[in-house]
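Readers should treat all values here as calculations from the given coordinates under stated rules, not as data from a laboratory. It should be emphasised that the depicted structure is a prediction, and the values quoted were computed from it without experimental measurement.
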């Protein structure tokens with residue numbers, strides 16, 4: 001009976017170790033994804049600013065109908 005308890009305890013310890021490793025891995029992946037989200041957000045802001053500048057330049061051009 002003691003052997004069964006020891007074996008079960010060993011299984012539980014292994015499961016806890018695997019769970020702890022999974023939590024560590026998921027935290028690392030979460031941190032990486034957060035950094036990626038920040039980077040993409042900054043990239044999006046830069047692109048929007050470039051598009052805004054292009055639209056303002058286009059608005060400055062006189063593209064109305066020409067009268068002859």
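For this structure, a couple of remarks:
- Axis of helix 2-60 versus longest Cα principal axis of the chain: the two differ by about 0°, to the nearest ten degrees.
- Residue of 56, 45, 34 that the Gaussian network model of the chain assigns the largest fluctuation, springs spanning Cα pairs under 10 Å: 56
- The range 1-56 - Kirkwood radius from inverse mean 1/r over Cα pairs (Å): 15.2 Å
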